Amino acid sequence: MLRESEPRDRPEIIELFASPEVGAYIGGSRPRYQLEREVPEVPMRRPGVFVVDLDGAMIGFVQLDRRDTERPGHVRPEAGEAELGYMFLPAAWGCGYATEACAAALDWFASTRPTEPVVLCTQSANRASMRLAAKLGFTEVERFHEYGAEQWFGAWSSVTLSG
Ligand SMILES: CC(C)(COP(=O)(O)OP(=O)(O)OC[C@H]1O[C@@H](n2cnc3c(N)ncnc32)[C@H](O)[C@@H]1OP(=O)(O)O)[C@@H](O)C(=O)NCCC(=O)NCCS
């Protein structure tokens with residue numbers, strides 16, 4: 001189930017950001033003591049963030065945010081595209097939950113903004129994320145170097161453009 005975040009998600013959110021495995025390709029993890037101090041009582045409650053709930057517990061989240069206009073990688077001249085992001089707890093990896101949750105978020109987005117593309121940026125070394133992007137139907141736009149690594153930048157659209 002996709003839902004907004006609640007106070008009971010706080011421990012899992014801290015776990016996500018403290019996990020070295022989760023942070024391996026996204027800039028690393030953060031010290032748990034810092035997170036305990038800084039994460040708000042209702043963390044990540046903002047438009048575009050979907051908590052992924054499995055049997056009453058958070059296993060990860062999917063988000064649709066506006067891509068920073070200053071960063072490389074854009075498909076629209078005005079930039080600020082909707083960008084898909086995702087983070088799941090390692091115990092839930094490999095079960096298809098990320099695929100299911102991202103597909104549902106994309107479906108929702110397509111129904112609300114049918115003509116808008118969605119973009120995605122991931123380290124090309126992040127094999128799970130690369131596979132997920134391909135399964136969701138993202139296609140490569142370009143690759144570039146950022147944060148000391150090769151980044152894969154792709155786009156998805158619910159509208160099939162034909163000749
Ligand atoms: C990326 C992430 C969400 C994928 O989660 P997941 O639970 O493995 O996703 P799914 O189970 O839906 O699997 C998606 C596909 O990736 C494949 N996959 C998973 N881990 C893989 C790995 N290490 N190497 C290669 N493929 C992998 C799965 O087999 C599946 O493909 P398949 O159906 O052809 O078998 C998860 O690894 C994660 O949270 N990583 C840390 C955060 C992160 O890096 N986010 C990316 C930000 S850009």
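Applying the selection to region 73-85, what residues are part of a loop (DSSP other than H, G, I, E, B) and either touching a helix residue (DSSP H, G or I) at 6+ places or on another chain (Cβ under 8 Å) or surrounded by 13 or more Cβ atoms within 10 Å (Cβ to Cβ) (or both)? Lay out the reasoning, then the answer.
If we filter region 73-85 for residues that are part of a loop (DSSP other than H, G, I, E, B), which is where we start, we get 73-81.
GLY73, HIS74, VAL75, ALA79, GLU81, listed by residue number.
Only one of these is in a strand (DSSP E or B), open to solvent by less than 40 Å² (accessible area, probe 1.4 Å) and either closer than 15 Å to TYR97 by Cβ or among the aliphatic types (A, V, I, L, M) (or both): MET44, MET58. Name it.
Details: MET44 fails: in a strand (DSSP E or B).
Result: MET58 is the single residue among MET44, MET58 that is in a strand (DSSP E or B), open to solvent by less than 40 Å² (accessible area, probe 1.4 Å) and either closer than 15 Å to TYR97 by Cβ or among the aliphatic types (A, V, I, L, M) (or both).
Considering each of PHE109, PHE88 in turn, give the residue that is under 26 Å from SER29 (Cα atoms) and either crowded, with 19+ Cβ neighbours inside 10 Å or more than 8 Å from the ligand (Cβ to nearest atom) (or both). Let's see the steps before the verdict.
Values: PHE109 fails: under 26 Å from SER29 (Cα atoms).
Every option except PHE88 fails the conditions.
Any residue in region 64-92 that's aromatic (Phe, Trp, Tyr): show its pairings with residues that are open to solvent by 30 Å² or more (accessible area, probe 1.4 Å) at Cβ separation under 9 Å, as long as the two are six or more apart or on different chains.
Note: pairs meeting the criteria are TYR86/GLN63; PHE88/TYR97.
Which numbered condition in (1) touching an Asp or Glu at 6+ places or on another chain (Cβ under 8 Å); (2) farther than 22 Å from GLY23 by Cβ; (3) of a type outside the set (Asp, Glu) is the only one that THR139 fails?
Only one criterion in (1) touching an Asp or Glu at 6+ places or on another chain (Cβ under 8 Å); (2) farther than 22 Å from GLY23 by Cβ; (3) of a type outside the set (Asp, Glu) is unmet by THR139, namely (1).
The values are calculated or read from the model by the stated rules, or taken from the named source; none is laboratory data. Every value quoted in this text rests on a predicted model; they were computed, and no experiment measured them. Because the Cβ atoms are built from the backbone with ideal geometry, glycine has one as well, and the counts that use them run over all protein chains shown. SASA here: full protein model, heavy atoms, side chains in, ligands and nucleic acids out. Shrake-Rupley method; radii C 1.70, N 1.55, O 1.52, S 1.80 Å.
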